[in-house]
Amino acid sequence: MPSSSSETRLDNASPLSEREILWRDRYNMLESHGYRLRQRYKPDWKPSWLTTKRSLVFHDDFKPHRSPVSIDAIRISDGRRVFLKQILKPSSELDIHSFLSDDNKLKDPRNHTVPLLDVFPDDSEPSYVYIVMPLLRPFDLPLFFSVDEVVEFVRQLLEASTNFLLPNFILKLNVRDCSDLNIMMDAEPMYPKGFHPKNTTTDTTGYRKAHPKRRRDVLSSVRYYFIDFGISTMFGPDETDKTVLGLEGQDNTVPELSERYPYDPFLVDIFIVGNLFDSALFKKYDNLAFLYPLIEEMTQPDPPHRCDAAGALNLFNEIISQESPRRLRWRLKAKSSGKLERFLIDVDSLSHEGVYLAKYTFTSTTKGILRLLRLR
């Protein structure tokens, strides 16, 4: 029989924090709207580890949650994992997100706004509503594997930047806030069996290691999204002054941010995205040197000399057109990797290249034979 001190230790392991108590108190309300939180937040929750000898890490309800305004949940109607976020109403964040998420705009493949699945009131706090989004992952988890995976990521972000010049409105997207924390990935094609929302390296159990597919194997299916419009601005078609003021945002290296002198928010977004390419890609991997001219144009300190969204996308397409397909299929080499690791990466890349060429040759030959047979 366990000692009383052992019982106390288990009883007190991973207790609900004050922030989590808020979610416990909202459990029934959220369930009435069709969304179920994890077992840990049920009002009558009893820690599952008290009745078993298994290690605490094997218990899903052992994992705490820190945010008081957002949380993962299950959509009861179909079992889909989603993400709930509490926001004030009315708010520009909700207006902009709703505007970009209507059915017609979401049909445009260039629209990289995270889909808005549902909006419902907070019955306990009338000044708030909940928005429902797909459960996403950080854009670089798991890490990029090959050059072509990075190319697709860059392409989608630049494509998104040009798409926010819409026919009826001109949207300033996430000015000062389109940084790495607000760019996420819909990794569902990579994780056909799902992943745990808290321990994202595991499957839905929370303790068995997940084995995702590589991006390159589902390349056209992986989508990257902008997720936060809290400090965004939308300009109407008749507004001639499309400048803003403010210092808010996560990237404090943007040179023109000011509370006194108006600046062009579109060019700020270009700088921030270029900075992201620099810090998360160019400075991290050796074989992405071809991105440097693009980054240099996007991060010019003097805004008038900085390229706009269309210019960045055109330059990117020109750069990629000059790269050999073989080079784009190569595995990434981290700058921190040693000589042996780089050698092994090259060997592995050569092996994959041989398999690719063999498949390509076989497919091309087969198609040629079939064409000849049809002609007969």
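Measure off 7 Å from each Cα along the Cα-to-Cβ vector at Lys283 and Lys89, then give the distance between these two points in nanometres to one decimal.
A separation of 4.2 nm, rounded to one decimal place.
What FRET efficiency would be calculated for the residue pair Glu239, Leu141, taking the C-beta separation as r and a Förster radius of 45 Å, to the nearest 0.05?
Working: r = 39 Å, r/R0 = 0.86.
Efficiency, from the Cβ-Cβ distance: 0.70.
Using a Cα-Cα cut-off of under 18 Å, which lysines could be cross-linked to Lys335, ignoring same-chain neighbours fewer than 8 residues away?
The reachable lysines, counting only those whose Cα sits under 18 Å from Lys335, are Lys283, Lys284.
Over the chain, how many percent of alpha carbon pairs lie in each 10 Å bin up to the one with the longest distance?
For the chain, the pair-distance distribution reads 4, 19, 26, 24, 17, 8, 2, 0, 0.
Taking the alpha carbon gyration tensor of region 261-322, what are the square roots of 5 times its eigenvalues, largest first, to the nearest whole Å?
Rounded to whole Å, the semi-axes are 21, 14, 8.
Nearest 0.05, what FRET efficiency do Lys209 and Ala334 give at R0 = 25 Å with Cβ-Cβ as r? The partial results should precede the final answer.
Working: r = 22 Å, r/R0 = 0.86.
Efficiency at R0 = 25 Å is approximately 0.70.
Leaving out same-chain residues fewer than 8 places away, which lysines sit with a Cα under 21 Å from that of Lys46?
Those lysines meeting the cut-off are Lys63, Lys198.
Mind checking Rg over Rh on region 137-329, alpha carbons, Kirkwood formula for Rh? All intermediate terms of the calculation are to be shown ahead of the outcome.
Numbers: Rg = 17.8 Å, Rh = 17.9 Å.
When Rh is taken as the Kirkwood radius, the ratio is 1.00.
Normalised by the number of residues in the chain, what is the relative contact order in percent for Cα pairs under 8 Å and 6+ residues apart?
Contact order relative to length: 13 percent.
Aspartates and glutamates within cross-link reach of Lys107: Cα-Cα under 15 Å, excluding same-chain residues under 8 positions apart?
Result set, ordered by chain and number: Glu159.
Does region 43-152 come out rounded, prolate or oblate by the C-alpha gyration tensor, with a ≥ b ≥ c the root eigenvalues, rounded set by a/c under 1.5 and, if not, prolate when a/b is larger than b/c and oblate if not?
oblate
Determine, from the Cβ-Cβ distance of Glu353 and Asp78 and an R0 of 35 Å, the FRET efficiency 1/(1 + (r/R0)^6), rounded to the nearest 0.05.
After rounding, the FRET efficiency stands at 0.25.
Hand me the trypsin sites (Lys or Arg not before Pro) from region 249-294 located in a DSSP loop with no more than 13 other Cβ atoms within 10 Å, in residue order please.
In loop regions of region 249-294 (DSSP not H, G, I, E or B), the sparsely surrounded trypsin sites (Lys or Arg not before Pro) are Lys283.
What is the sum of charges around Ile319, taking Lys and Arg as +1, Asp and Glu as -1, for the other residues whose C-beta is under 13 Å from the C-beta of Ile319? Walk me through the numbers on the way to the answer.
Numbers: positive: Arg155, Arg327; negative: Glu296, Glu297, Glu318, Glu323.
Result for the local shell: -2.
Apply the Karplus parameterisation 6.51 cos²θ - 1.76 cosθ + 1.60, with θ equal to phi minus 60°, to every residue of region 45-55 and state each ³J(HN,Hα) to the nearest whole Hz, in sequence, with x for glycine and proline.
Taking θ as phi minus 60°, the curve returns 4, 10, x, 5, 6, 6, 10, 8, 9, 5, 4 Hz for region 45-55.
What number, rounded to the nearest 500 deg cm²/dmol, is the helix-based mean residue ellipticity at 222 nm of the chain, given -39500 (n - 2.57) per DSSP H run of at least four residues and division by all its residues?
Numbers: 10 runs with 129 residues, N = 376.
For the chain, the value works out to -11000 deg cm²/dmol.
Since every read-out is calculated from the coordinates, none of them should be taken as a lab result. These figures come from a predicted structure and were not determined experimentally. In this analysis, Cβ positions are derived from the backbone assuming ideal geometry, glycine residues included, and neighbour counts consider all displayed protein chains.
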